[in-house]
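Q: Let me begin by handing over the structure; questions about it come next.
The values are calculated or read from the model by the stated rules, or taken from the named source; none is laboratory data. What you see is a predicted model; the values in this text were computed from it and never measured. Glycine gets a Cβ as well: all are built from the backbone with ideal geometry, and neighbour counts include every protein chain shown. The accessibility values were calculated without ligands, DNA or RNA, using every heavy atom of the protein model including side chains. Shrake-Rupley method; radii C 1.70, N 1.55, O 1.52, S 1.80 Å.
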Amino acid sequence: MDFTPHTSGDTQRMLAHLGLAEISDLFAHLPDEVRPAAPLDLPEALSEMEVMSHIDALGKRNRSGLLTFAGGGIYDHYLPPVVRTLTMRPEFVTSYTPYQSELSQGVLQLLFEYQSMVASLTGLPVSNSSLYDGPSSGLEAVNLAVAHKKRSAVWISRGVHPHTRQIIATFAHARGIEVVDHPLVGGRTVWAPEGVSQPAAIVMSQPNYLGVIEDYDAARAVATEQGALAIAEVDAMTLGILRTPGDAGFDIAFAEGQPYGNPMSFGGPVLGMFAVSKPLMRKIPGRLVGRTTDTEGRTAYTLTFRAREQDIRREKASSNICTNQSLNAIAASIHLAWLGPAGLNEVGHQSVQKAHYLAKRLEQLRGVKMATPGAPYAREFAILTPADPHHVVDQMAERGYLAGIPLSDDYPEFAGGLLVAVTEKRTVDELDGYATALEEVLADG
Amino acid sequence: MVDAAGKATSIPLVGGGEEPTLDRFSVEGRRASGFPRLDVPLGDISLPESAAAPPALPQVSERDLVAHVNRLAHRNFAVDLGAYPLGSCTMKYNPKICDWAAEHPAFSNLHPSSPPGITQGALEVILEIEAILCELTGMSRATFQPPAGAAGEMTGLLIMRAYHESKGRDPGAVIIPDSAHGTNPASVSLAGYQVRQVPSDDRGMVDLDALASAVDEDVAGFMLTNPNTLGLFEEDIVAMADLIHEVDGLVYYDGANLNAILGVARPGDMGFDIVHSNLHKTFATPHGGGGPGAGPVAVTEHLAPFLPGPIPERVGDAITWLQPERSIGRVHGNHGNFLVVLRALTYMRALGGEGLRRVAERSVLNARYLESLLSDDYEIPYPAPCMHEFVASAAALKRATGVRAMDVAKALIDYGFHAPTMYFPLVVEEALMVEPTETESPETVEALADAFNEIAQSAHTEPQEVQAAPHRAPITRTDDALAARQPVLTWHMAAEE
């Protein structure tokens with residue numbers, strides 16, 4: 001395929017105008033040593049039909065169509081067609097970052113509406129227009145806190161998503177941030193402040209990675225006692241049924257926003273939701289849309305607080321981020337508007353009911369127990385089985401189920417641990433089928 | 001209306017009146033969503049930390065939601081409506097075959113924690129694009145975790161740090177030219193390095209002598225965009241790379257302008273060690289109103305052990321995820337913006353090697369042609385032959401008429417085109433940075449030149465008109481100072497006013 005419109009006549013005419021004979025003359029000033037010594041080893045061009053066959057063939061090498069019980073931030077919720085239809089409008093798909101507000105009112109206003117809905121959901125007044133994903137938003141939260149408090153330590157619950165903790169660890173070394181892990185006991189965080197540096201922030205997850213509902217007030221009290229910011233990683237889809245981090249007095253909330261409007265996408269592109277309290281408003285990372293007026297006094301939207309950003313502040317910028325996940329945030333807004341308060345509540349409620357139904361079924365299986373017995377959970381929970389969870393996942397896939405996420409890699413204390421998530425999409429037959437399949441897999445050893 | 005060259009002749013391409021925010025359509029009890037009845041027995045579950053009430057989201061019908069969003073779309077310009085010569089952003093046409101690939105359910109419905117045994121196709125996608133990207137850049141291995149160019153820069157700098165630490169060294173500075181994108185110095189300092197800036201010379205290229213005197217044992221590396229932000233190929237690149245390598249520093253290629261040299265010249269052959277590419281520029285994935293993009297980082301063989309992990313590796317007949325030996329760790333929550341990567345692979349396979357080279361040739365041809373058609377009101381401060389974009393200065397026009405680069409850019413909107421980049425790079429006064437891209441026809445390029453030239457003429461005859469542009473967009477210029485001084489960031493804040 002060729003998406004350039006030039007005919008050979010066009011090219012000759014343009015070259016002649018430039019006083020050049022051949023297309024290679026355009027590059028005559030490049031030094032010889034930067035040119036490849038041999039022709040590049042690249043595939044031949046394909047027609048669209050051939051490309052489609054190729055992508056189809058690659059797609060067939062995935063085992064798609066499994067009933068998904070894996071979560072860990074990325075969930076298989078029902079996605080209404082209206083989200084795709086609207087999000088795929090070319091005005092949203094093929095525009096750039098809305099620097100030129102005169103030509104970008106559509107994207108800007110939708111991002112303003114996104115910010116408004118995230119503020120409602122988190123109970124915090126200021127949201128940016130999205131970051132890359134949930135886990136990397138955790139790094140931005142930590143950076144904000146370290147800069148704001150001028151302290152280098154952060155306390156992080158082991159209930160925070162392992163990938164969030166891994167990303168923070170990747171960058172902590174270069175930035176001189178000291179990360180102090182706080183353990184889970186019975187599935188809930190024990191904040192053990194003795195003998196460690198005063199933190200810039202404490203970071204917890206609600207519900208935590210094991211699915212367990214944590215105690216907001218206890219964490220908030222520790223933060224207050226330490227003079228630290230309180231940061232919560234939250235599960236987007238339970239925000240309709242659980243208390244908001246803003247209500248619990250938290251300073252920063254972030255979330256993996258995929259469950260709103262975005263397919264699982266092998267984990268990307270998704271979006272990071274990020275909201276802060278009023279005092280942190282001017283320190284929030286990422287793009288921010290504000291309302292203003294044009295020269296004729298009409299309501300207009302524009303990117304604001306630009307003075308924080310890298311293209312103006314350069315080496316003094318507090319973040320190098322210069323994009324957001326606009327299209328994913330637009331999808332999230334449309335899905336949230338479609339859901340409304342009743343729909344969001346219903347998704348949360350049905351997911352919780354179905355998760356508890358499945359957990360009770362699984363607990364009755366021989367050898368299966370809850371990893372954190374008695375701990376309160378919402379729509380995700382961890383079980384222990386006598387088998388290697390990787391083996392369980394592989395065997396369950398043979399039976400048509402993506403059974404969950406093995407816990408043993410990130411939590412060696414749960415050697416047989418499997419994290420199971422349930423959404424409103426799963427029917428009672430699918431839940432019963434899962435239990436039956438797991439029973440077979442465990443019986444087979 | 002537009003003529004055959006895509007130039008607006010009467011009504012603007014973007015229009016529509018003011019649209020209320022969605023909360024204004026909300027009516028208590030209205031809803032769009034519906035779900036099947038709960039089919040498990042209702043359990044008596046009381047959760048701690050329960051919400052007192054559901055969140056205050058708008059309550060709207062699907063019909064009102066659809067009309068609202070579509071009316072807002074009408075207030076937004078896009079590549080799919082007309083030329084978008086936004087310098088440094090490579091706003092080329094985004095082929096629709098790539099949309100088809102990104103929506104393929106065999107990929108879009110994959111959970112990222114699926115075991116590799118059931119995602120062999122997705123892993124093959126990554127290995128296949130890795131091979132093509134490495135061949136194009138002259139690198140050896142790549143990571144596709146970085147979700148954007150800036151994230152790629154940060155990843156590259158952490159690899160640089162890990163490399164030096166592996167040799168027991170701890171150099172503290174990274175050199176960047178004064179014409180660099182703002183992300184470069186921001187990434188450098190966030191990676192814990194000091195920024196050491198070198199000036200451009202009167203050719204608009206890095207001053208080789210200044211670079212030589214900036215290099216010492218404390219230099220960890222050098223970041224460079226080539227072609228640089230003036231659209232000029234850095235002709236001394238091989239000598240520059242040698243200077244850095246002499247102190248065991250690493251040379252980082254900012255791929256912002258890779259489009260200009262695809263298949264023609266390779267960063268690896270120039271002496272670069274680390275290369276990030278912007279799939280959303282060079283490889284035609286759409287910008288999505290600001291994202292998602294993807295900023296994969298490719299490295300030479302001796303840096304491969306430091307790449308973020310996990311990365312796909314072929315082991316026997318199967319592909320699995322492995323952690324590189326001395327990996328810097330994870331930089332994305334999952335596997336990066338995978339569906340963007342899939343779009344880029346689709347584009348690469350459709351074009352093939354010849355087509356990718358044609359991209360570079362025609363992007364340079366269009367830029368050089370457009371530059372040659374501009375009137376003398378636009379000075380070209382650095383006369384070396386431009387690559388895929390050029391930077392013109394409106395300084396003389398401003399002195400003669402009072403019309404600034406900003407005014408020219410905004411006036412272009414009234415001709416049905418997007419504005420070019422302005423006031424960047426900082427080394428050019430009243431800069432207009434123009435990148436037509438290879439997907440615009442010669443007729444469109446000529447129409448763009450006509451528009452620039454007519455605007456310059458108008459600047460001489462009716463400067464106030466140009467200074468008040470745009471006249472045919474949905475809004476006129478915005479009061480950005482007001483937005484920052486009295487922030488209204490949500491409809492809740494708007495209601496408090």
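Q: Can you pull the percent of the protein assembly as shown's accessible area that's carbon plus sulfur, 1.4 Å probe, other chains left in place?
A: Whole-percent figure for carbon plus sulfur exposure: 50.
Q: I'd like the GluC sites (Glu not before Pro) in region B:207-301 restricted to DSSP loop residues with at most 14 other Cβ atoms within 10 Å, sorted by number.
A: Passing sites in region B:207-301 are B:E217.
Q: If you count the DSSP beta bridges with both ends in the protein assembly as shown, what percent of them are antiparallel, to the nearest 5?
A: Approximately 55 percent, going by the DSSP bridge assignments.
Q: Now for a separate question. So for B:K96, A:K278, what's the accessible-area order with a 1.4 Å probe, most first?
A: Highest to lowest solvent-accessible surface, that is A:K278, B:K96.
Q: By a straight-distance test (C-alpha under 16 Å), which lysines pair with A:K150 as possible cross-link partners, with residues fewer than eight away in the same chain excluded?
A: A:K283, A:K316
Q: Please give the contour-minus-distance gain from A:E50 to A:R298: 0.36 nm per residue of separation, less the Cα-Cα distance, rounded to one decimal in nm.
A: Length gained between A:E50 and A:R298: 84.2 nm.
Q: Pairing the Cα long axis of helix A:134-149 with the longest principal axis of chain A, what angle in degrees results, from 0 to 90 and rounded to the nearest 10?
A: Between the helix axis and the principal axis of chain A, the angle is about 90 degrees.
Q: Another question, then. So which helices of chain B fit the span-like rule, where a helix is a whole DSSP H run, its Cα atoms reach 30 Å or more along the axis, and its mean Kyte-Doolittle is at least 0.0?
A: On the way: long enough: B:338-373 (40 Å, 0.33).
Result, helices passing both filters: B:338-373.
Q: Using only alpha-carbon positions, what ratio does the radius of gyration of chain B give when scaled by 2.2 N^0.38 Å? Mind showing how you got there, number by number?
A: Working: Rg = 25.2 Å, N = 497, 2.2 N^0.38 = 23.3 Å.
Rg over 2.2 N^0.38 Å, computed on Cα atoms: 1.08.
Q: What percent does the relative contact order of chain A come to when contacts are Cα pairs within less than 8 Å and at least six residues apart?
A: 19
Q: At most 15 other Cβ atoms within 10 Å and a DSSP loop assignment: could you name the trypsin sites (Lys or Arg not before Pro) in region B:16-72 that fit?
A: Here the sparse-neighbourhood loop sites are B:R30, B:R37.
Q: Quick check on my link table: of A:K149/B:K281; B:K92/B:K410; A:K278/A:K360; B:K281/B:K410, which ones sit more than 31 Å apart, alpha carbon to alpha carbon?
A: Going by Cα-Cα distance, A:K149/B:K281; A:K278/A:K360 fall outside the 31 Å limit.
Q: Choose one answer from A:S319, A:S408, A:S64: the residue with the largest mean-square fluctuation in a GNM of chain A with alpha-carbon springs under 10 Å.
A: A:S64
Q: Which order do you get for B:T421, A:T436, B:T155 if you rank them by accessible area with a 1.4 Å probe, largest at the top?
A: Final ranking, largest accessible area leading: A:T436, B:T421, B:T155.
Q: Relative to the longest principal axis of chain A, what angle (0 to 90°, nearest 10) does the C-alpha long axis of helix A:326-363 take?
A: Around 30 degrees separate the two axes.
Q: May I ask you to compute the full-extension gain from B:A495 to B:D216, defined as 0.36 nm times their residue separation minus their alpha-carbon distance, rounded to one decimal in nm?
A: Full extension of this stretch gives 94.7 nm more.
Q: For region B:98-350, what relative contact order do you get, as a whole percent, if you take Cα pairs closer than 8 Å and at least 6 residues apart?
A: 29
Q: At most 15 other Cβ atoms within 10 Å and a DSSP loop assignment: could you name the GluC sites (Glu not before Pro) in region B:425-474 that fit?
A: B:E429
Q: Which of A:Y260, A:Y75, A:Y99 moves most in a GNM of chain A, Cα contacts under 10 Å?
A: A:Y99
Q: If I build a Gaussian network model for chain A, linking alpha-carbon pairs within less than 10 angstrom, which residue out of A:E309, A:E48, A:E363 has the largest mean-square fluctuation?
A: A:E48
Q: What residues does region A:130-152 have that are buried by at least 50 Å² of accessible area in the full protein assembly compared to the chain on its own, 1.4 angstrom probe?
A: Checking the loss per residue gives A:Y132.
Q: Also: With a probe of 1.4 Å, find how much accessible area region B:61-147 has per residue, and write the answer as a whole number in Å².
A: 24
Q: Using only DSSP helix segments of four residues or longer, with each worth -39500 (n - 2.57), what per-residue ellipticity at 222 nm results for chain B after dividing by its residue count and rounding to 500?
A: Roughly -11000 deg cm²/dmol at 222 nm, from the helical runs in chain B.
Q: Per residue, what accessible area does region A:81-333 have, given a 1.4 Å probe and all protein chains present, in Å²?
A: Accessible surface, normalised per residue, equals 25 Å².
Q: Considering every residue in A:294-300, what mean count of other chain Cβ atoms within 10 Å of its Cβ is obtained?
A: What the average comes to for A:294-300 is 6.
Q: Given a 1.4 Å probe and no ligands, DNA or RNA in the count, how much accessible surface is buried by A and B, both sides, to the nearest 100 Å²?
A: Roughly 16100 Å².
Q: Shifting gears a bit: Using a cut-off of 20 Å between alpha-carbon atoms, which aspartates and glutamates can reach B:K167, once sequence neighbours fewer than 8 places away in the same chain are excluded?
A: Correct list for B:K167: B:D216, B:E217, B:D218, B:D242, B:E246, B:D248, B:D273, B:E301, B:E325.
Q: Calculate the length of the line joining the C-alpha centroid of region B:311-378 to that of region A:101-121, in whole Å.
A: Computed from Cα coordinates, the inter-centre distance equals 30 Å.
Q: To continue, here is another question. Once the piece of chain linking B:R314 and B:K167 is laid out straight, how much longer is it, given 0.36 nm per residue of separation minus the C-alpha distance between them?
A: Taking B:R314 through B:K167 to full extension adds about 50.0 nm, to one decimal.
Q: Calculate how many DSSP beta bridges within chain B are antiparallel, expressed in % of all such bridges and rounded to the nearest 5.
A: Counting only bridges with both partners in chain B, antiparallel ones make up about 55 percent.
Q: Once you order the gyration tensor axes a ≥ b ≥ c over the Cα atoms, which shape class does region A:1-53 get: rounded for a/c under 1.5, otherwise prolate or oblate by comparing a/b with b/c?
A: oblate
Q: Can you give the average number of partner chain beta-carbon atoms within 10 Å of each beta-carbon in peptide B:467-476, as a whole number?
A: 5
Q: Please return the longest stretch of chain A lacking exposed loop sites, where trypsin sites (Lys or Arg not before Pro) count only if DSSP places them in a loop and at most 12 other Cβ atoms lie within 10 Å.
A: On the way: sites that count: A:K150, A:R366.
The longest such stretch corresponds to A:151-365.
Q: Further, regarding this structure: Amide H neighbours of A:L242 under 5 Å, at least 5 residues apart or on other chains, H built in the peptide plane: list them.
A: Amide H neighbours of A:L242, under 5 Å, 5+ apart: B:A51.
Q: Tell me the relative contact order for chain B as a rounded percent, counting alpha carbon contacts under 8 Å between residues six or more apart.
A: Details: 934 pairs, mean separation 98.3, N = 497.
Over chain B, the number comes to 20 percent.
Q: Could you list log10 I(q)/I(0) for region B:357-482 at q = 0.14, 0.18 Å⁻¹, which the Debye formula gives when each Cα is one point scatterer?
A: -0.58, -0.94
Q: Using the basic label-point model (7 angstrom from Cα toward the beta carbon), what is the A:T85 to A:E363 distance in nanometres?
A: According to this spin-label approximation, the distance is 4.4 nm.
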